[in-house]
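For reference, the structure discussed in these notes is given below.
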Amino acid sequence: MCPTDDRTEPSATPDRSRRAFVRAAVATGGSAALAACLGGEQSVDAPPGVADPDSLPERQHAWNDTLRTDEDGNVRPPAHHVFLGLSLTRDPDATARETVATALRAVERATARRPDGVLFTLGYTPAYFDRYDAALDAVALPEPDPIVVLAAESDVTVDANDALLHLASDDAATVLAVEEALFGDRERLNGRSPSASLDGVFERTDRRTGFVGPGLPAARQEGLDGVPAGEPVPEAAPFFMGFRSGFRESQATEDRVTIREGPFAGGTTQHFETLELDLEGWFEESTHENRVARLFSPDHAERESVGEYGDRLGTDAGAAAVADEAHDHAREHGIVGHAQKVARAREDGEPALLRRDVNTTDGDVAGLHFVSLQRELAAFTRARRAMVGAEFRRHGVGPRQGNGILRYVRLRRWGSYLVPPRRHRALPRPDPGA
Ligand code: HEM
């Protein structure tokens, strides 16, 4: 399917049609079709990268300085995302390490490290480090164990491959082009010829895609599994459940999530899970007021402090202010809010997680790829336990009742990663200083 054949937007202008096509290509991984239709190299027009990639920030996750903010001053994530699960096809020896380092630097030379170019992180699973005799130096990276969530969720896949490459850009065509260049499917990237590819070192064993931003979920809601007729997702909502998220006061800073000591200082840990959403239940079983109570708190619903999609909240979702009332709310209203529950896991009053979650339509199901960065994975586990909120059962508020959004989300995949600092991002040993 080429842009002019785009039957999903029959009256689209060529430009809109091209954008719709590229979005679909990101979701399906149709890179070859994209290259054929858009003329390959000419389709990417990103600002150029840097002559010396070593001048770039040591923290792979240092994205915020490059990102724009919304009208209230909240960080605006890049719009288009590809998450590639990678498995090694050879030993991670010095030659392989050099190949990975060269391939990543080639992307940074070709394309600006910004949302109008490309941002990326490469993280490694516990399974990757297991092949070494040495233990990970000064970082705890436990085996991913979704049991923390719900024993009943039996069909959860744990990410057991070696690495996760997260590519993000405001331009869907750039994300695709970078993926193609990294895996040897494209000879030139933004006018330059990459000198190495990841192809001989890794194979892609899993590919997930996502998007976030006002208008994007609304534009993609039609025809998805679990989405009711009538296009219920508000036009301005950046997320499928119809509200803004990622308010500044509810997010950890990049400093707060950065590992401070040891050879991986400058890195971070990453949790990545995929949830399917039951938007039919979410939009049809409940009123807007009820959704606000479940996502934020019953207090937010009573005061009407959220607005249609979170537009009244500015930079503060007001989650911490109602955290202590969670039990009272459960008893009195039979509902405890998601944000209110999770804010109980803050540390010294400060959020410990930097969330970078995005919507997905992978498999034609509305979902969420939940990405969070934190200095220690234990902080994530605390927050996730707080979200499960098993203690609210004693008020009769179980996962199928008014326990936040649990009734409408279904966990499908779960993984943990170490995102090393830049200097160790290419096939690190667990003890790089040794
Ligand atoms: C469909 C799934 C989810 C939706 C729609 C959602 C939505 C939200 C919203 C609207 C907020 C309000 C504040 C803000 O974002 O700035 C929030 C806060 C938060 N959520 Fe979620 N969330 C989801 C899944 C998760 C998961 C899986 C976790 C994992 C622990 C999580 C952890 C948090 C945390 C830590 C906060 C900040 C609370 C604070 O202010 O300290 N969320 N979420």
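Okay, here's what the table says:
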| read-out | value |
| --- | --- |
| Qualifying residue in the range 286-301 (condition: away from the ligand (no atom under 13 Å from the Cβ), modelled with pLDDT of 95 or more and β-branched (Val, Ile, Thr)) | yes |
| Any hit, the range 265-274, residues being among the acidic types (Asp, Glu) and either surrounded by fewer than 22 Cβ atoms within 10 Å (Cβ to Cβ) or out of contact with any Leu (no Cβ under 9 Å at 6 or more places or on another chain) (or both) | no |
| From the options ASP311, ASP362, residue that is surrounded by fewer than 22 Cβ atoms within 10 Å (Cβ to Cβ) and in contact with a Ser or Thr (Cβ under 9 Å, 6 or more places away or on another chain) | ASP362 |
| Residue, nearest to the ligand (Cβ to nearest atom), within the range 391-420, restricted to residues that are in a loop (DSSP other than H, G, I, E, B) and buried (at least 22 other Cβ atoms within 10 Å of the Cβ) | GLY404 |
| Residues that are touching a residue at least 60 places away in the same chain (Cβ under 8 Å), closer than 20 Å to ALA24 by Cβ, out of contact with any His (no Cβ under 8 Å at 6 or more places or on another chain) and part of a loop (DSSP other than H, G, I, E, B), drawn from the range 194-237 | GLY213, GLN221, GLY223, LEU224, GLY226, VAL227 |
| Test result for ALA379, in a loop (DSSP other than H, G, I, E, B), in contact with a strand residue (DSSP E or B) (Cβ under 9 Å, 6 or more places away or on another chain) and farther than 24 Å from PRO238 by Cβ | no |
| The range 258-282, residues that are more than 15 Å from the chain's Cα centre (by Cα) and away from the ligand (no atom under 13 Å from the Cβ) | THR258, ILE259, ARG260, GLU261, GLY262, PRO263, PHE264, ALA265, GLY266, GLY267, GLU280 |
| Qualifying residue in the range 373-380 (condition: acidic (Asp, Glu), within 15 Å of the ligand (Cβ to nearest atom), within 30 Å of ARG105 (Cα to Cα) and out of contact with any Leu (no Cβ under 9 Å at 6 or more places or on another chain)) | yes |
| Checking ARG331 against (1) near the ligand (Cβ under 8 Å from one of its atoms); (2) farther than 24 Å from ARG413 by Cα; (3) basic (Lys, Arg), the condition it does not meet | (1) |
| Residues that are without any contact (Cβ under 8 Å) to a residue 24 or more places away in the chain and either part of a helix (DSSP H, G or I) or under 20 Å from GLY396 (Cα atoms) (or both), drawn from the range 326-362 | ASP328 |
| Among residues of the range 168-220, those that are in contact with an Asp or Glu (Cβ under 9 Å, 6 or more places away or on another chain), closer than 19 Å to PHE243 by Cα and crowded, with 22+ Cβ neighbours inside 10 Å, counted | 2 |
| Selection from the range 316-328 of residues that are surrounded by 15 or more Cβ atoms within 10 Å (Cβ to Cβ) and within 22 Å of the chain's Cα centre (by Cα) | ALA317, ALA319 |
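The values are calculated or read from the model by the stated rules, or taken from the named source; none is laboratory data. Model, not experiment: these values are computed from the prediction. Cβ atoms come from the backbone with ideal geometry, glycine included; neighbour counts cover every protein chain shown.
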